[in-house]
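Notes follow the structure.
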Amino acid sequence: MTVFADNANSVTAPILENEEIAKNTMRVRVLVPDMAAKVVPGQFFMIRNPSGNDPLIGRAFALYDACPHKGWLDLVYIVKGKLTTSIAPLAPRAELAIWGPLGNGFPPAKTEHLIMVAGGIGQTPFLTLAREALGNQSFGAEPRTSGYARRVSFCYGVRNASYLAGLDQFREAGCELHIASEDGSQPDGSTGRAERVTDTLSRLLDADDSEKRIVCCGPEPMMEAVAEIAHLRGVPCQISLETPMACGIGICFTCVAKIGCAEDWDYKRTCVEGPVFDAEQVIWD
Ligand SMILES: Cc1cc2nc3c(=O)[nH]c(=O)nc-3n(C[C@H](O)[C@H](O)[C@H](O)COP(=O)(O)OP(=O)(O)OC[C@H]3O[C@@H](n4cnc5c(N)ncnc54)[C@H](O)[C@@H]3O)c2cc1C
Ligand code: FES
């Protein structure tokens, strides 16, 4: 499915909040009523810092939270490169250039048990998805169906517990939380089993024979491993790719990924034909 960017707006919007919520991890709230009213879980926005020209092109960030009623939306970002370093010190009333919502988002597909698997900052698309799936919030200009999952589990893998962001919000959304840290550190300061999120996922799948669907976002090797687990167990799985992007609106072709179609494959633009793809179609090389 190609999602044309005709539905996107481009504005320079005021920042309402910009605060650290975990190690090196910021949550920025911007006032963008038109965008907050139509975004759906899994869509993303392109951001620029309007007070400079470096970087000249925008960067993509997934929707983290939205309040259509109050007109704001939240993005969560790791401070790592040019754009994120330049916006991390911005105070309320400073502005961001933002265009979106972009991309297809996750389908609101009915399931008994929705399992969300995130690696690091790949957690961002899942807060709104959990709320929608459990029927606690609706999204979209013409509100999409909600309440399509009976149970939502969130498998969240991080290097160590200091990187865990938004746990209380995920709990309040009604998710069952399953934390995996590579050093065994836990959110309460204790030390538990050191493991990868794929181990956590496998254990969860072993323990539940109800009908399931997996959604996944994070580093590419982790998504490939999750896709393989889902394939071997015959569980439907959608992956949200984080391919670097330049325009976000389908023009430049910097964002292409190899996607299987019929008996062959083709390059698909992640910004307008994704970022969410069926895991069975993604060609990992
Ligand atoms: C659909 C989509 C959704 C996304 N959602 C999110 C999200 O919700 N949150 C989030 O944090 N990210 C998200 N990303 C990723 C984000 O867009 C990129 O990480 C973006 O490049 C960050 O911008 P930046 O200018 O700060 O980093 P960039 O300057 O673009 O740096 C990107 C990478 O290059 C490396 N790098 C930068 N400078 C150097 C250097 N001098 N030498 C060597 N390496 C260097 C950085 O370490 C980093 O790995 C998403 C991407 C996509 C496509
Ligand atoms: S980012 Fe330009 S075509 Fe996708």
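The values are calculated or read from the model by the stated rules, or taken from the named source; none is laboratory data. Not measured: the values here are computed from a predicted model. No Cβ is skipped: glycine too gets one built from the backbone with ideal geometry, and neighbour counts run over all protein chains shown.
A few remarks follow.
- Across segment 237-255, the number of residues qualifying as free of Cβ contacts under 8 Å to residues at least 40 places away in the same chain and more than 18 Å from the chain's Cα centre (by Cα) comes to 4.
- Filtering Ile251, Ile239, Ile229 for residues that are farther than 21 Å from Gln123 by Cβ and either in a helix (DSSP H, G or I) or of a type in the set (Val, Ile, Thr) (or both) leaves a single hit, Ile251.
- Only one of the numbered conditions (1) in the same structural domain as Ala130 (by TED's automatic domain parsing); (2) in contact with a helix residue (DSSP H, G or I) (Cβ under 6 Å, 6 or more places away or on another chain); (3) in a strand (DSSP E or B); (4) away from ligand 1 (no atom under 15 Å from the Cβ) is violated by Gly260, and that is (1).
- The listed residues are Gly260, Gly218, and the only one of them that is touching a residue at least 12 places away in the same chain (Cβ under 8 Å) and crowded, with 19+ Cβ neighbours inside 10 Å turns out to be Gly218.
Condition check ((1) modelled with pLDDT under 95; (2) assigned by TED's automatic domain parsing to the domain that holds His69; (3) farther than 24 Å from Phe277 by Cβ) across all residues:
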| site | (1), (2), (3) |
| --- | --- |
| Gly120 | no, no, no |
| Gln123 | no, no, no |
| Pro143 | yes, no, yes |
| Arg151 | no, no, yes |
| Gly157 | no, no, no |
| Ala161 | no, no, yes |
| Glu176 | no, no, yes |
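- Exclusive hit being among the charged types (D, E, K, R) and in contact with a helix residue (DSSP H, G or I) (Cβ under 8 Å, 6 or more places away or on another chain), set Arg203, Arg196, Arg269, Arg213: Arg196
- Residue under evaluation Glu273, criteria (1) of a type in the set (Asp, Glu); (2) touching a His at 6+ places or on another chain (Cβ under 9 Å); (3) buried (at least 16 other Cβ atoms within 10 Å of the Cβ), criterion not met: (2)
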